[in-house]
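The values are calculated or read from the model by the stated rules, or taken from the named source; none is laboratory data. All values reported here derive from a predicted model rather than from experimental measurement. Cβ coordinates were reconstructed from backbone atoms using ideal geometry, including for glycine residues, and neighbour counts include every protein chain displayed. Surface accessibility is based on the protein's heavy atoms, side chains included, excluding ligands, DNA and RNA. Shrake-Rupley method; radii C 1.70, N 1.55, O 1.52, S 1.80 Å.
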Amino acid sequence: MDKNVGETLKTYNQDITIGTLGSHSALNIFKGAKEEGFKTVCICKKGDEIVYSRFRLADEIIMVNDFKELLNEKIQDKLKKMNTVLIPHGSFNAYIGTGKMMEKLSVPMFGNKNLLHWETNREMQRKWLIDAGLKLPKMFKSPDEIKGLVIVKYPGAKGGKGYFLAHSKETFYEKGTKMVNNGHMSEDDLGNAHIQEYIIGVNIYASYFHSVVNNETEFLGVDKRYESFADNIGRIPADEQIEMRINPTYTIVGNIPLTIRESLLPEYLRMGDRVVEHAKKIAKPGIIGPFCLETVVKENLEIVTFEISARIVAGTNVGIGTSPYAYLKHGEKMYMGRRIAKEIKEAIKRDRLKDIVT
Ligand code: AMP
Ligand code: AMP
């Protein structure tokens, strides 16, 4: 644990407040916190407070113009006075950045900040997953090597916006140049693009929770994404698709709950365990709490992992209240936000809060 976070923790009593940025999976997190008896604080952008006041889930709302203000000393002091433990989600990575959080944040955060940093770096993330023994899409070092369909991801592309598909060196340059000319990316971005084998199959996002207190990895839920424009292309006839030269984009709009074939579960459970084990080697103390393996299942039922999130994903919002896998493990009314709060409560009881924050 970072020294400053350790110092902060020493000033805390057991009356903990759960805090997060008002976005992404905040409702999930706040509801879970309330159901476990915690107070809640929302760091909220102007205009968005309608959400957190209408659902009556934030006991306190701290208004900001920009989420980066979370790093301001005044706001951090206010959070510390409330004995706040922050729960990171996708908006922390997207709008603040893991480097800045490691450098400047001294409010204790549930989870391992170091692994959030691994998550946001494509090369580090790939190494983690490969070394954990997972199957990943092939990578092509240069456009000259492209064989078959590839998905091209450039540095900093958010939520799949701006990815493009290509099936040869020629289409790579044709589409890439168009993206540069349209201002969607720079020449440099194109040069540094991540060229990945496109896996044909269905998306499965599997959410896990590694409990440090119980030393166990739980399988809590599955979802798939609902993406504009990718999920709507089938409604446009092929003739028009060709004429319009459609390039699919993957802007996330929502999520859809799923269950998976039971015969796929053994492999998903083993994959989760391997990722947890390997994380202990790369960033001590390893995974704390939620993580998600973002996979494609092929027609031969091979599972290919193209990404990991080392935190709660918004796909777990489909399980607010309950979901089949959370029900199997915990009975009714369990979901990721509540599972997080339950772990914090348990850690407080056993005087182990220091083991689950960084
Ligand atoms: P937002 O606060 O909605 O802008 O989201 C923050 C980050 O999380 C962005 O990078 C989004 O792409 C991602 N994100 C938001 N909602 C979802 C979702 N429902 N599923 C997956 N990713 C999401
Ligand atoms: P991401 O931004 O990594 O979450 O990906 C956005 C979209 O691209 C998701 O719908 C993924 O399923 C899809 N995607 C990413 N990588 C691959 C891949 N290697 N093969 C097939 N689809 C992919």
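Averaging the sequence gap over all C-alpha pairs within less than 8 Å and six or more residues apart, then dividing by the number of residues, gives the chain a relative contact order of 22 percent. Computed with a 1.4 Å probe on the full set of protein chains, the accessible area for Lys298 sits at about 60 Å². In this rough spin-label picture, where each label sits 7 Å from Cα along the Cβ direction, the Glu7-Ile256 distance is 5.1 nm.
Quick one: net charge around Ile303, please, counting Lys, Arg +1 and Asp, Glu -1 for every other residue with C-beta under 9 Å from its C-beta.
Net charge in that neighbourhood comes out at 0.
Within the chain, antiparallel bridges make up roughly 75 percent of the DSSP beta bridges whose residues both belong there. Solvent-accessible surface of protein heavy atoms, probed at 1.4 angstrom with all chains present, puts Ser211, Ser168 in the order Ser168, Ser211, largest first. Taking only the alpha carbons of the chain, we obtain Rg and Dmax values of 20.9, 66 Å in that order.
For region 162-247, the equivalent ellipsoid built from the Cα gyration tensor has semi-axes of 35, 20, 11 Å, listed from largest to smallest.
Each residue, Lys284 and Glu174, gets one label point 7 Å from its Cα in the Cβ direction; the gap between the two is 5.4 nm. For region 1-153, the convex hull spanned by the alpha carbon atoms encloses 162 Å³ per residue. For the chain, modelled as a GNM whose springs connect Cα atoms under 10 angstrom apart, the maximal fluctuation among Ile199, Ile320, Ile242 occurs at Ile242. Relative contact order, whole percent, for region 3-110 stands at 33, derived from Cα pairs under 8 Å and 6 or more residues apart. The distance between label points at Glu69 and Thr120 comes to 2.0 nm (points 7 Å beyond Cα on the Cα→Cβ vector). Sorted largest first, the principal axis extents computed over the alpha-carbon atoms of region 139-197 equal 27, 21, 16 Å.
Ordering 332-340, 48-56 by mean Cβ neighbour count within 10 Å, with the highest value first, yields 332-340, 48-56. Helix 26-35 and the long axis of the chain differ in direction by around 30°, with both axes built from C-alpha atoms.
Taking every alpha-carbon pair under 8 Å whose residues sit at least 6 apart, region 185-236 reaches a relative contact order of 25 percent.
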